[in-house]
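Written below as C-alpha coordinates is the structure these notes are about.
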Amino acid sequence: MAGRAVLLTVIALLAILAAGYGAYRYSVVVPGRTHTGTLPPLTPEEIALSARLRRHIEAIGSREHNLDHYEALQQAARYIEATLAGYGFAPGRQVYRARGKDVRNIDVVFEPAGSDPETIVVGAHYDSARGTPGANDNATGTAAVIELVRLLADLKAGAPRRLRFVLFVNEELPYFATEEMGSLNYARMLAERLAPARIETANAVGWNADALEAQAFAFMAVRTVRRLPITFPTTTGVPAPTTGGIVAEP
(Lines give C-alpha, C1' and ligand atoms only; values in the text may rest on other atoms or scores of the structure.)
Protein backbone atom coordinates (compact mmCIF):
# COMPACT_ATOMS: atom_id res chain seq x y z
CA MET A 1 0.00 0.00 0.00
CA ALA A 2 2.85 2.34 0.94
CA GLY A 3 4.64 1.54 -2.33
CA ARG A 4 1.54 2.41 -4.34
CA ALA A 5 1.24 5.75 -2.51
CA VAL A 6 4.88 6.55 -3.30
CA LEU A 7 4.33 5.64 -6.96
CA LEU A 8 1.25 7.88 -7.19
CA THR A 9 3.19 10.72 -5.56
CA VAL A 10 6.03 10.34 -8.07
CA ILE A 11 3.58 10.30 -10.98
CA ALA A 12 1.85 13.41 -9.65
CA LEU A 13 5.17 15.23 -9.29
CA LEU A 14 6.20 14.25 -12.82
CA ALA A 15 2.84 15.47 -14.14
CA ILE A 16 3.30 18.82 -12.37
CA LEU A 17 6.84 19.17 -13.74
CA ALA A 18 5.66 18.28 -17.25
CA ALA A 19 2.83 20.81 -17.04
CA GLY A 20 5.20 23.49 -15.77
CA TYR A 21 7.69 22.80 -18.54
CA GLY A 22 4.89 22.87 -21.10
CA ALA A 23 3.66 26.21 -19.76
CA TYR A 24 7.21 27.58 -19.87
CA ARG A 25 7.71 26.52 -23.49
CA TYR A 26 4.31 27.88 -24.45
CA SER A 27 5.28 31.24 -22.93
CA VAL A 28 8.77 31.68 -24.37
CA VAL A 29 9.26 29.44 -27.40
CA VAL A 30 8.38 30.88 -30.79
CA PRO A 31 7.96 28.98 -34.07
CA GLY A 32 10.82 28.49 -36.48
CA ARG A 33 14.55 28.30 -35.97
CA THR A 34 16.71 30.74 -34.03
CA HIS A 35 19.11 32.48 -36.38
CA THR A 36 22.80 31.94 -35.75
CA GLY A 37 25.74 33.64 -37.38
CA THR A 38 26.04 36.95 -39.16
CA LEU A 39 22.87 38.58 -40.40
CA PRO A 40 22.64 39.12 -44.15
CA PRO A 41 23.09 42.74 -45.25
CA LEU A 42 19.95 44.78 -45.76
CA THR A 43 18.77 45.40 -49.29
CA PRO A 44 18.41 49.01 -50.47
CA GLU A 45 14.63 48.66 -50.08
CA GLU A 46 15.03 47.40 -46.51
CA ILE A 47 17.41 50.24 -45.66
CA ALA A 48 14.87 52.77 -46.94
CA LEU A 49 12.05 51.03 -45.05
CA SER A 50 14.11 51.02 -41.85
CA ALA A 51 14.63 54.78 -42.16
CA ARG A 52 10.92 55.37 -42.69
CA LEU A 53 9.96 53.22 -39.70
CA ARG A 54 12.45 55.02 -37.50
CA ARG A 55 11.14 58.42 -38.62
CA HIS A 56 7.56 57.41 -37.76
CA ILE A 57 8.54 56.04 -34.35
CA GLU A 58 10.53 59.14 -33.47
CA ALA A 59 7.67 61.41 -34.53
CA ILE A 60 4.98 59.48 -32.64
CA GLY A 61 6.79 57.87 -29.72
CA SER A 62 9.26 60.48 -28.46
CA ARG A 63 7.03 61.79 -25.67
CA GLU A 64 3.92 60.84 -23.76
CA HIS A 65 0.77 61.30 -25.86
CA ASN A 66 -2.66 60.54 -24.45
CA LEU A 67 -5.61 62.49 -23.08
CA ASP A 68 -3.46 63.67 -20.17
CA HIS A 69 -1.15 65.16 -22.82
CA TYR A 70 -3.79 66.17 -25.31
CA GLU A 71 -1.74 68.40 -27.61
CA ALA A 72 0.91 65.69 -28.00
CA LEU A 73 -1.87 63.19 -28.83
CA GLN A 74 -3.23 65.60 -31.44
CA GLN A 75 0.24 66.07 -32.91
CA ALA A 76 0.64 62.30 -33.25
CA ALA A 77 -2.72 62.08 -35.02
CA ARG A 78 -1.82 64.94 -37.36
CA TYR A 79 1.52 63.31 -38.19
CA ILE A 80 -0.22 60.03 -39.08
CA GLU A 81 -2.75 61.83 -41.30
CA ALA A 82 -0.11 63.96 -43.01
CA THR A 83 2.12 60.94 -43.66
CA LEU A 84 -0.73 58.92 -45.17
CA ALA A 85 -1.77 61.92 -47.26
CA GLY A 86 1.84 62.28 -48.43
CA TYR A 87 1.70 58.68 -49.62
CA GLY A 88 -1.31 59.56 -51.78
CA PHE A 89 -4.17 58.42 -49.55
CA ALA A 90 -7.13 60.26 -48.06
CA PRO A 91 -7.26 59.15 -44.42
CA GLY A 92 -10.67 59.00 -42.81
CA ARG A 93 -11.59 60.08 -39.30
CA GLN A 94 -13.94 58.62 -36.72
CA VAL A 95 -14.27 61.41 -34.18
CA TYR A 96 -15.91 60.83 -30.79
CA ARG A 97 -15.84 62.40 -27.34
CA ALA A 98 -13.79 61.07 -24.43
CA ARG A 99 -13.39 62.86 -21.11
CA GLY A 100 -14.91 65.97 -22.69
CA LYS A 101 -12.43 66.10 -25.58
CA ASP A 102 -12.56 65.14 -29.24
CA VAL A 103 -10.42 62.13 -30.12
CA ARG A 104 -10.27 60.18 -33.36
CA ASN A 105 -9.52 56.86 -34.98
CA ILE A 106 -7.80 57.19 -38.35
CA ASP A 107 -8.25 54.80 -41.27
CA VAL A 108 -7.46 54.13 -44.90
CA VAL A 109 -9.82 51.83 -46.80
CA PHE A 110 -9.08 49.79 -49.93
CA GLU A 111 -12.33 48.81 -51.59
CA PRO A 112 -12.66 45.33 -53.13
CA ALA A 113 -12.44 44.86 -56.86
CA GLY A 114 -15.32 42.39 -56.81
CA SER A 115 -18.37 41.74 -54.70
CA ASP A 116 -16.67 39.85 -51.85
CA PRO A 117 -18.33 41.22 -48.68
CA GLU A 118 -15.52 40.21 -46.35
CA THR A 119 -13.64 43.01 -44.57
CA ILE A 120 -10.15 42.60 -43.14
CA VAL A 121 -9.08 45.09 -40.47
CA VAL A 122 -5.36 45.70 -39.85
CA GLY A 123 -4.84 47.96 -36.87
CA ALA A 124 -2.59 49.37 -34.18
CA HIS A 125 -3.09 52.02 -31.52
CA TYR A 126 -1.20 55.29 -31.48
CA ASP A 127 -1.82 56.55 -27.92
CA SER A 128 0.74 55.90 -25.19
CA ALA A 129 0.30 54.56 -21.68
CA ARG A 130 0.54 57.03 -18.83
CA GLY A 131 4.12 57.85 -17.91
CA THR A 132 5.64 56.49 -21.15
CA PRO A 133 6.42 57.88 -24.62
CA GLY A 134 4.95 54.73 -26.15
CA ALA A 135 7.78 54.02 -28.59
CA ASN A 136 7.46 50.23 -28.30
CA ASP A 137 3.79 50.24 -27.27
CA ASN A 138 2.70 51.12 -29.77
CA ALA A 139 4.48 53.55 -32.08
CA THR A 140 6.19 50.51 -33.60
CA GLY A 141 2.83 48.98 -34.51
CA THR A 142 1.55 52.29 -35.85
CA ALA A 143 4.66 52.69 -37.99
CA ALA A 144 4.18 49.17 -39.35
CA VAL A 145 0.56 49.87 -40.35
CA ILE A 146 1.53 53.16 -42.04
CA GLU A 147 4.20 51.42 -44.10
CA LEU A 148 1.94 48.48 -44.87
CA VAL A 149 -0.51 50.92 -46.45
CA ARG A 150 2.29 52.31 -48.60
CA LEU A 151 3.62 48.88 -49.59
CA LEU A 152 0.15 47.66 -50.61
CA ALA A 153 -0.71 50.81 -52.56
CA ASP A 154 -1.13 48.79 -55.76
CA LEU A 155 -4.30 47.32 -54.19
CA LYS A 156 -5.82 50.77 -53.79
CA ALA A 157 -7.68 50.47 -57.08
CA GLY A 158 -9.18 47.12 -56.15
CA ALA A 159 -8.23 44.70 -53.39
CA PRO A 160 -9.29 41.02 -53.25
CA ARG A 161 -11.28 41.96 -50.13
CA ARG A 162 -12.09 45.23 -48.44
CA LEU A 163 -9.03 46.22 -46.40
CA ARG A 164 -9.26 48.68 -43.52
CA PHE A 165 -6.00 49.97 -42.06
CA VAL A 166 -6.85 51.60 -38.74
CA LEU A 167 -4.89 53.58 -36.17
CA PHE A 168 -6.83 53.49 -32.92
CA VAL A 169 -6.85 56.03 -30.11
CA ASN A 170 -7.49 55.38 -26.39
CA GLU A 171 -6.38 51.76 -26.18
CA GLU A 172 -4.33 52.18 -23.01
CA LEU A 173 -5.62 52.37 -19.45
CA PRO A 174 -7.80 53.94 -18.15
CA TYR A 175 -9.69 53.76 -21.48
CA PHE A 176 -9.01 50.11 -22.28
CA ALA A 177 -12.19 47.99 -22.05
CA THR A 178 -14.38 51.08 -21.52
CA GLU A 179 -16.86 52.97 -23.68
CA GLU A 180 -14.06 55.42 -24.56
CA MET A 181 -11.80 52.74 -26.10
CA GLY A 182 -10.97 53.51 -29.73
CA SER A 183 -11.23 50.02 -31.19
CA LEU A 184 -14.59 49.46 -29.46
CA ASN A 185 -16.01 52.59 -31.05
CA TYR A 186 -14.61 51.57 -34.44
CA ALA A 187 -16.00 48.04 -34.19
CA ARG A 188 -19.43 49.40 -33.33
CA MET A 189 -19.28 51.72 -36.32
CA LEU A 190 -18.40 48.79 -38.58
CA ALA A 191 -21.17 46.66 -37.10
CA GLU A 192 -23.70 49.35 -37.95
CA ARG A 193 -22.27 50.13 -41.39
CA LEU A 194 -21.73 46.55 -42.48
CA ALA A 195 -24.87 45.01 -40.97
CA PRO A 196 -25.70 42.18 -41.20
CA ALA A 197 -21.97 41.47 -41.37
CA ARG A 198 -20.44 39.94 -38.23
CA ILE A 199 -17.40 41.19 -36.34
CA GLU A 200 -15.59 38.54 -34.37
CA THR A 201 -12.93 38.77 -31.70
CA ALA A 202 -9.71 36.80 -31.72
CA ASN A 203 -11.27 34.43 -29.18
CA ALA A 204 -14.25 33.82 -31.46
CA VAL A 205 -12.02 32.40 -34.21
CA GLY A 206 -10.23 30.01 -31.89
CA TRP A 207 -7.42 32.20 -30.56
CA ASN A 208 -6.91 33.23 -26.96
CA ALA A 209 -6.28 36.98 -27.05
CA ASP A 210 -5.18 37.13 -23.40
CA ALA A 211 -2.78 34.24 -23.94
CA LEU A 212 -1.30 35.92 -27.04
CA GLU A 213 -0.60 39.10 -25.09
CA ALA A 214 0.69 37.14 -22.08
CA GLN A 215 3.02 35.17 -24.34
CA ALA A 216 4.42 38.37 -25.84
CA PHE A 217 5.09 39.92 -22.43
CA ALA A 218 6.49 36.64 -21.07
CA PHE A 219 8.89 36.49 -24.01
CA MET A 220 10.13 40.02 -23.22
CA ALA A 221 10.34 39.19 -19.49
CA VAL A 222 12.53 36.15 -20.12
CA ARG A 223 14.80 38.20 -22.38
CA THR A 224 15.00 40.86 -19.65
CA VAL A 225 15.92 38.27 -17.00
CA ARG A 226 18.67 36.95 -19.30
CA ARG A 227 19.74 40.54 -20.07
CA LEU A 228 19.02 40.11 -23.75
CA PRO A 229 17.83 43.09 -25.81
CA ILE A 230 14.11 43.73 -26.22
CA THR A 231 14.41 46.83 -28.39
CA PHE A 232 16.60 47.50 -31.42
CA PRO A 233 17.83 50.47 -33.49
CA THR A 234 15.77 49.37 -36.50
CA THR A 235 12.51 49.24 -34.53
CA THR A 236 12.56 51.99 -31.92
CA GLY A 237 15.62 54.02 -32.90
CA VAL A 238 17.67 53.26 -29.78
CA PRO A 239 21.44 53.73 -30.31
CA ALA A 240 22.14 50.01 -29.75
CA PRO A 241 20.23 46.81 -28.91
CA THR A 242 18.95 47.42 -25.40
CA THR A 243 17.36 45.40 -22.64
CA GLY A 244 14.99 46.97 -20.15
CA GLY A 245 11.94 46.66 -18.02
CA ILE A 246 11.37 45.45 -14.49
CA VAL A 247 10.20 41.93 -13.69
CA ALA A 248 7.84 42.19 -10.72
CA GLU A 249 7.80 39.33 -8.25
CA PRO A 250 4.23 38.51 -7.03
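Some points to look at:
- Principal-axis tilt of helix 182-193 within the chain, Cα atoms, nearest 10 degrees: 60 degrees
- Shape of the stretch 14-127, Cα gyration tensor, a/c cut at 1.5: prolate
- If you wrap the Cα atoms of the stretch 99-186 in a convex hull and average its projected area over all directions, you get 6.5 nm².
- Accessible surface, per residue, of the stretch 62-150 when the full set of protein chains is kept, probe 1.4 Å, Å²: 44 Å²
- Carbon plus sulfur fraction of accessible area for the stretch 57-189, probe 1.4 Å, in percent: 54 percent
- Of all segments of the chain bounded by trypsin sites (Lys or Arg not before Pro) found in a DSSP loop with no more than 16 other C-beta atoms within 10 Å, the longest spans 162-197.
- Over the residues of the chain, the helix contribution to mean residue ellipticity at 222 nm works out to -14000 deg cm²/dmol, using -39500 (n - 2.57) for each DSSP H run of at least 4.
The values are calculated or read from the model by the stated rules, or taken from the named source; none is laboratory data. A quick note: this is a predicted structure, and the numbers were derived from the prediction, not measured. Here Cβ is always computed from backbone atoms with ideal geometry, including for glycine, and neighbour counts include all displayed protein chains. Areas reflect the complete protein model, heavy atoms only, side chains present, ligands, DNA and RNA absent. Shrake-Rupley method; radii C 1.70, N 1.55, O 1.52, S 1.80 Å.
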